[in-house]
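Asks: After the structure tokens below, expect a handful of questions from me.
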Amino acid sequence: MRLELGKIRITDVQFGEKTKVENGTLYVNKKELIDIAMEDDRILSVNVELARPGESVRIAPVKDVIEPRVKVEGSGGMFPGMISKVKTVGSGRTHALVGATVLTCGSIVGFQEGIIDMSGPAAKYTPFSETFNVCIVIEPREGLETHAYEEAARRAGLKIGAFVGEAGRDVEPDEIVVYETKPLLEQVAQYPDLPKVGYIHMLQSQGLLHDTYYYGVDAKQMVPTFMYPTEMMDGAITSGNCVAPCDKVTTFHHLNNPVIEDLYKKHGKDINFIGVILTNENVFLADKERSSDMVGKFVEFLGLDGVLITEEGYGNPDTDLMMNCKKATAAGAKVVLITDEFPGRDGKSQSLADAVPEADALVSCGQGNLIIEFPPMDKIIGTLDYIETMIGGYEGSLRPDGSIEAELQIIIASTIANGYNKLAARTY
Amino acid sequence: MVKEIERAGIPVVHVATVVPISLTIGANRIVPAVGIPYPLGNPNLGPDGDKKIRRALVEKALRALQTEVDEQTVFED
Amino acid sequence: MSKIKVVHYINNFFAGIGGEERADIPPEVREEAVGPGMALDAAFGGEAEIVATVICGDTYYGENMEAAKAAILEMIKKYSPDLFVAGPAFNAGRYGVACGSVAKAVEDELGIPVVSAMYRENPGTDMYKKDIHIIETEISAADMRKAVPKLARLGLKLAKGEDVGPPEEEGYHVRGIRVNYFNEKRASERGIEMLVKKMKGEEFVTEYPMPVFDRVSPNPAVKDISKIKVAIVTSGGIVPQGNPDRIESSSATKYGIYDISAMDSLGADRFMTIHGGYDRAFVTENPNLVVPLDVMREMEKEGVIGELADYFVSTTGTGTSVGNAKGFGEDFSKKLVADGVGAVILTST
């Protein structure tokens, strides 16, 4: 499968008469976006606000973040099985508005949503302090059941993300990157002397606000499968979760998976990137055993020399991570794990809930228990009402002057375990 | 917490879904629970079915407490 | 700018009072630098000065720890120092343990920055390296000339509240604490580099060696549970409606003890779950799924168990550090023992 990704660099976002991109500025028509969200009668009201890097703005509680993209050529549309028809994607040409996002926030669903600060000391922990964010603030119908609210907000975000992405259809990209993965035997034959590497991508699949979707299928219901890396770039995987804000793999992060991006950079040079093994993190022990057994089977069958494994979440999925590590090693591959850590606020406890001796090569995405100071911000998009019950928050977190003291894990994607950030941890 | 209770001299059984974590952490008597969102029961079976499962699990836990062990033991069926 | 005030702690030997035969002297204070304190004073380069030296016999400290510690803290308080330095103890075991113990108490109870120095095999090093910074020294006092400047330099940093760098740079023993920093490269890139090395059989360094969890021997089995009081403890985050103790949804810093004496079942109207790590819909409707009060009350009435404790203990398991969980366990276990609880069922999601 071969995909040309056309990157259109966005350097500002403004409200305008028409939703379009002109000279690097994304203009959005507020009413058009609101109308799209309001198509779902589970939603009571919607507002749209803009947040730019450097502004004194805090956004909370954030549910999902989406990069606006559009399929220009090739089969299928963005987010297949969710808002586009089910059709295999990942080939042809896709345009992306790089530097812009659509994000959903508003009344809380669970307590797993997080914060984004656009400036100040907490801003450096999230990638979204550097993007131009179109914030969709959603208010659900009174008494709307939580599962229904989550779905309504999710769909609104994806639909608006795709709508805004359309603005990039006829724009000449600033940069075009070509990604190609051939069918297995051809791919192996292309670089016969390079080690065959696969990426084991674990998806959060544990229930309300802990779900992920593959072509619209709830990952809880999947068994491990194989995919071409470029399918992710067209939104084959979408996020329905906020497992803990710091760890959350937003839809933006699925579209921009860093392991895939960096494996392609080394493809044909140091490694032969074969493809992605997709698996889940279920809440039943038998499912964990089954999925990891099948991951091991894939590693063996594909003849992989090495694999990278990323996890979403912490706690019980640490067991899935270790099972995958153990069985991939037994299947003959060298394994490297990428994960974040939770050693307690003082950094003195064990960082993971589970451990196996085969996990001797691990890259850290930082520890999420550290206490951070968030100064007051001039403008709040969404609400701070829930800070103290959000993950990472606690009694006394929110001060009357609007400043916050909370654990790092309350910031969206701060310790994301797919390797996107430069935050790491070491032992002192 | 399991180990501190054990250290205080009280026999303790860990009824947990993610048995590998219980093993890694070091619990000595372990009874596998049903699932993460419903460890002691199964609401999908209706109130009677659910309670039956809960009862059976607690009975197994009590049996585990009354069984001598000298190393970590998982009490499967 | 006024000088940083330092109180220094040394033992009978380094104070020049005497060797083993004087290891039983109780704590005393001299308002000046004594013994190695003089070299330490010089090493501060005028930025700090030792205003008092506390001297204590190693044997006296070891045999009267609580009393000695209390007395020493009182002595130190008087000077309101900005920094407390203990040692260097090199490989002297009782001295090292005393240094660590006093320094930890000063840090915890007086909130003053502390620093010490010992050899790696000194038992005080392993015992206290997580609590305080301990400069690495060689095995004997012959290393004094090298140890003192390192001790002074780190001490000044701590006193001024400056950021402390990694162990290799500052010269202290690795403490085992995980600390965040921003790397030049993102984690995915570092992961791939590590994988390429591992596949080639080249050396690589893992960024996090697998943790070790300690073990405790199992208690003997209960002989007859129908004669025993059983208590329920849970990490599933079950709390009374409204979460009156404000237990966190993740990374709990506290636990709660909740009365169930008059109940036959955990009602959804009276209880809820605040655990942020699982889909709470089922447990919200029926909290007995995590704290099985309904069946255990029946079993109590039937005589299957001797008695059910009047309360259950609860906290949130997800993201909660092992250190905190250990602390809770130590704490509430005392109550369980005092209340005659003979067995515990601990439930986790």
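Asks: How many residues are more than 18 Å from A:Met1 (Cα to Cα) and within 16 Å of the chain's Cα centre (by Cα) if we restrict to the range A:260-280?
Replies: So the count comes out to 2.
Asks: From the residues in the range A:396-423 that are in a loop (DSSP other than H, G, I, E, B) and farther than 16 Å from A:Glu312 by Cα, which one is nearest to the other protein chains (Cβ to nearest Cβ)? Break it down into steps so the answer makes sense when it comes.
Replies: The initial filter retains those residues of the range A:396-423 that are in a loop (DSSP other than H, G, I, E, B), namely A:396-397, A:399-403, A:412-422.
Narrowing further to those that are farther than 16 Å from A:Glu312 by Cα: A:396-397, A:399-403, A:422.
Working: A:Gly396: 9, A:Ser397: 9, A:Arg399: 15, A:Pro400: 17, A:Asp401: 21, A:Gly402: 20, A:Ser403: 19, A:Lys422: 5 Å.
The qualifying residue nearest to the other protein chains (Cβ to nearest Cβ) is A:Lys422.
Asks: What strands (runs of 3 or more DSSP E) completely inside the range C:8-97 contain at least 1 residues that are in contact with an Asp or Glu (Cβ under 7 Å, 6 or more places away or on another chain) and surrounded by 15 or more Cβ atoms within 10 Å (Cβ to Cβ)?
Replies: Working: elements: C:28-30, C:48-56, C:83-90.
In the range C:8-97, C:48-56, C:83-90 are the strands (runs of 3 or more DSSP E) which contain 1 or more residues that are in contact with an Asp or Glu (Cβ under 7 Å, 6 or more places away or on another chain) and surrounded by 15 or more Cβ atoms within 10 Å (Cβ to Cβ).
Asks: Which of the numbered conditions does C:Ser217 fail, given that it passes all the others? Conditions: (1) touching a residue at least 12 places away in the same chain (Cβ under 8 Å); (2) of a type in the set (Ser, Thr, Tyr); (3) closer than 25 Å to C:Gly340 by Cα.
Replies: It is condition (1) that C:Ser217 fails.
Asks: Only one of C:Ala159, C:Ala147, C:Ala142 is among the hydrophobic types (A, V, I, L, M, F, W, C), surrounded by fewer than 24 Cβ atoms within 10 Å (Cβ to Cβ), assigned by TED's automatic domain parsing to the domain that holds C:Ala15 and in contact (Cβ under 8 Å) with a residue 12 or more places away in the chain. Can you tell me which? First the steps, then the outcome.
Replies: Working: C:Ala147 fails: surrounded by fewer than 24 Cβ atoms within 10 Å (Cβ to Cβ); C:Ala142 fails: in contact (Cβ under 8 Å) with a residue 12 or more places away in the chain.
None of the other options fit; the residue is C:Ala159.
Asks: Taking only pairs six or more apart or across chains, which ones have beta-carbon atoms under 9 Å, a first residue in the range A:25-54 that is farther than 15 Å from A:Ala156 by Cβ, and a second residue that is among the acidic types (Asp, Glu)?
Replies: A:Thr25/A:Asp12; A:Leu26/A:Asp12; A:Tyr27/A:Glu17; A:Asn29/A:Glu17; A:Arg52/A:Asp12; A:Pro53/A:Glu130
Asks: A further question follows. Has the range B:52-68 got at least one residue that is in contact with a helix residue (DSSP H, G or I) (Cβ under 7 Å, 6 or more places away or on another chain), in a loop (DSSP other than H, G, I, E, B) and among the hydrophobic types (A, V, I, L, M, F, W, C)?
Replies: The answer is no, given that none of the residues of the range B:52-68 is in contact with a helix residue (DSSP H, G or I) (Cβ under 7 Å, 6 or more places away or on another chain), in a loop (DSSP other than H, G, I, E, B) and among the hydrophobic types (A, V, I, L, M, F, W, C).
Asks: Output yes when any residue across the range A:322-338 is at the interface with another protein chain (Cβ under 8 Å from one of its Cβ atoms), in contact (Cβ under 8 Å) with a residue 24 or more places away in the chain and more than 24 Å from the chain's Cα centre (by Cα), and no when none is.
Replies: yes
Asks: Filter the strands (runs of 3 or more DSSP E) completely within the range C:246-349 down to those with at least 2 residues that are touching a strand residue (DSSP E or B) at 6+ places or on another chain (Cβ under 7 Å) and not hydrophobic (A, V, I, L, M, F, W, C). Quick ask: steps written out before the conclusion?
Replies: Values: elements: C:256-259, C:271-273, C:307-314, C:343-348.
In the range C:246-349, the matching strands (runs of 3 or more DSSP E) lie at C:256-259, C:307-314, C:343-348.
Asks: Out of curiosity, is A:Arg426 part of a strand (DSSP E or B) and at the interface with another protein chain (Cβ under 8 Å from one of its Cβ atoms)?
Replies: Numbers: part of a strand (DSSP E or B): yes; at the interface with another protein chain (Cβ under 8 Å from one of its Cβ atoms): yes.
Yes.
Asks: When you scan the range A:223-245, how many residues do you find that are away from chain C (no Cβ under 12 Å) and more than 21 Å from A:Ile274 (Cα to Cα)?
Replies: Kept after step one, since they are away from chain C (no Cβ under 12 Å), are these residues of the range A:223-245: A:223-239.
Then drop every residue that is not more than 21 Å from A:Ile274 (Cα to Cα), which leaves A:238-239.
Residues that pass the stated criteria total 2.
Asks: Only residues that are surrounded by fewer than 17 Cβ atoms within 10 Å (Cβ to Cβ) and not hydrophobic (A, V, I, L, M, F, W, C): list them for the range A:8-24, please.
Replies: Narrowing the range A:8-24 to residues surrounded by fewer than 17 Cβ atoms within 10 Å (Cβ to Cβ): A:9, A:11-12, A:14-18, A:22-24.
If the condition is that a residue be surrounded by fewer than 17 Cβ atoms within 10 Å (Cβ to Cβ) and not hydrophobic (A, V, I, L, M, F, W, C), then A:Arg9, A:Thr11, A:Asp12, A:Gln14, A:Gly16, A:Glu17, A:Lys18, A:Glu22, A:Asn23, A:Gly24 are the ones that fit.
Asks: Also: Taking only the range C:122-151 into account, find how many residues are farther than 19 Å from C:Gly165 by Cα and not in a helix (DSSP H, G or I).
Replies: So the count comes out to 4.
Asks: Are there any pairs, at least 6 apart or on different chains, whose C-beta atoms fall under 9 Å, with the first in the range A:276-289 and closer than 17 Å to B:Ser22 by Cβ and the second among the hydrophobic types (A, V, I, L, M, F, W, C) and buried (at least 24 other Cβ atoms within 10 Å of the Cβ), and if so, which?
Replies: A:Val283/B:Val18; A:Val283/B:Ile36; A:Phe284/B:Ile36; A:Leu285/B:Val18; A:Leu285/B:Ala33; A:Lys288/B:Val18
Asks: Enumerate the strands (runs of 3 or more DSSP E) found wholly within the range A:1-72, keeping only those where 3 or more residues are of a type outside the set (Asp, Glu) and in contact with a Cys (Cβ under 8 Å, 6 or more places away or on another chain). Even if it seems obvious, please write down each step before you answer.
Replies: Values: elements: A:2-9, A:12-15, A:20-22, A:25-28, A:43-51, A:57-66.
The strands (runs of 3 or more DSSP E) meeting that bar are A:43-51, A:57-66.
Asks: Of the numbered conditions (1) within 12 Å of chain A (Cβ to nearest Cβ); (2) at pLDDT below 95, C:Ser217 fails exactly one; give the number of that condition.
Replies: (1)
Asks: Does B:Val15 fit the bill of being in a loop (DSSP other than H, G, I, E, B), of a type in the set (A, V, I, L, M, F, W, C) and within 14 Å of chain A (Cβ to nearest Cβ)? Spell out how you get there, then give the answer.
Replies: Details: in a loop (DSSP other than H, G, I, E, B): no; of a type in the set (A, V, I, L, M, F, W, C): yes; within 14 Å of chain A (Cβ to nearest Cβ): yes.
No, not satisfied.
Asks: Please go through (1) more than 25 Å from the chain's Cα centre (by Cα); (2) within 14 Å of chain B (Cβ to nearest Cβ) for A:Asp305 and return the number of the only condition it doesn't satisfy.
Replies: (2)
Asks: Next question. Run B:Val31 past the list (1) assigned to a helix (DSSP H, G or I); (2) more than 7 Å from chain C (Cβ to nearest Cβ); (3) in contact with a Phe, Trp or Tyr (Cβ under 8 Å, 6 or more places away or on another chain) and report the number of the one that doesn't hold.
Replies: Just one mismatch for B:Val31, condition (1).
Asks: Residue by residue through the range A:135-165, note down the ones that are over 21 Å from the mean Cα position of the chain (by Cα) and surrounded by 15 or more Cβ atoms within 10 Å (Cβ to Cβ).
Replies: A:Pro140, A:Arg141, A:Leu144, A:Thr146
Asks: What pairs can you find where one residue is in the range C:188-212 and at the interface with chain A (Cβ under 8 Å from one of its Cβ atoms) and hydroxyl-bearing (Ser, Thr, Tyr), the other is crowded, with 22+ Cβ neighbours inside 10 Å and in a helix (DSSP H, G or I), and their Cβ atoms are less than 7 Å apart, with a gap of 6+ or different chains?
Replies: C:Ser188/A:Val259; C:Ser188/A:Asp262
Asks: Now for a separate question. Quick check: is even one residue across the range A:125-143 modelled with pLDDT of 95 or more and among the basic types (Lys, Arg)?
Replies: Within the range A:125-143, none of the residues are modelled with pLDDT of 95 or more and among the basic types (Lys, Arg).
Asks: For the range A:144-159, how many residues are in a loop (DSSP other than H, G, I, E, B) and either touching a residue at least 40 places away in the same chain (Cβ under 8 Å) or touching a helix residue (DSSP H, G or I) at 6+ places or on another chain (Cβ under 8 Å) (or both)? Let's see the steps before the verdict.
Replies: So in the range A:144-159, the residues in a loop (DSSP other than H, G, I, E, B) come out as A:144-145.
So of that shortlist, the ones also either touching a residue at least 40 places away in the same chain (Cβ under 8 Å) or touching a helix residue (DSSP H, G or I) at 6+ places or on another chain (Cβ under 8 Å) (or both) come out as A:144.
Number satisfying all stated conditions: 1.
Asks: Name the single residue, out of those in the range A:226-240 being of a type in the set (Ser, Thr, Tyr) and over 13 Å from A:Tyr199 (Cβ atoms), that is surrounded by the most Cβ atoms within 10 Å (Cβ to Cβ). Outline the logic, then answer.
Replies: At the first step, the residues of the range A:226-240 found to be of a type in the set (Ser, Thr, Tyr) are A:228, A:230, A:238-239.
Now drop any that are not over 13 Å from A:Tyr199 (Cβ atoms), which leaves A:238-239.
Working: A:Thr238: 28, A:Ser239: 26.
So, considering only residues that are of a type in the set (Ser, Thr, Tyr) and over 13 Å from A:Tyr199 (Cβ atoms), the one surrounded by the most Cβ atoms within 10 Å (Cβ to Cβ) is A:Thr238.
Asks: Which one of these does B:Thr67 not meet: (1) away from chain A (no Cβ under 14 Å); (2) surrounded by fewer than 22 Cβ atoms within 10 Å (Cβ to Cβ); (3) in contact (Cβ under 8 Å) with a residue 40 or more places away in the chain?
Replies: (3)
Asks: If you don't mind, there's one more thing I want to ask. Which residue pairs have Cβ atoms under 6 Å apart, sit 6 or more places apart or on different chains, and have a first residue in the range A:165-188 that is touching a residue at least 12 places away in the same chain (Cβ under 8 Å) and a second that is in a loop (DSSP other than H, G, I, E, B)?
Replies: Listed pairs, sorted by first residue: A:Gly165/A:Pro68; A:Ala167/A:Thr19; A:Thr181/A:Met1; A:Thr181/A:Tyr228.
Asks: Given C:Ser265, C:Ser235, C:Ser314, C:Ser333, which one is closer than 18 Å to B:Ala33 by Cα, more than 14 Å from chain A (Cβ to nearest Cβ), polar (S, T, N, Q) and surrounded by 17 or more Cβ atoms within 10 Å (Cβ to Cβ)?
Replies: Details: C:Ser265 fails: closer than 18 Å to B:Ala33 by Cα; C:Ser235 fails: more than 14 Å from chain A (Cβ to nearest Cβ); C:Ser333 fails: closer than 18 Å to B:Ala33 by Cα.
Just one listed residue meets the conditions, C:Ser314.
The values are calculated or read from the model by the stated rules, or taken from the named source; none is laboratory data. Note that the structure is a prediction, hence the values are computed from the model and not measured. Neighbour counts are summed over all protein chains in view; Cβ atoms, including those assigned to glycine, are modelled from backbone coordinates with ideal geometry.
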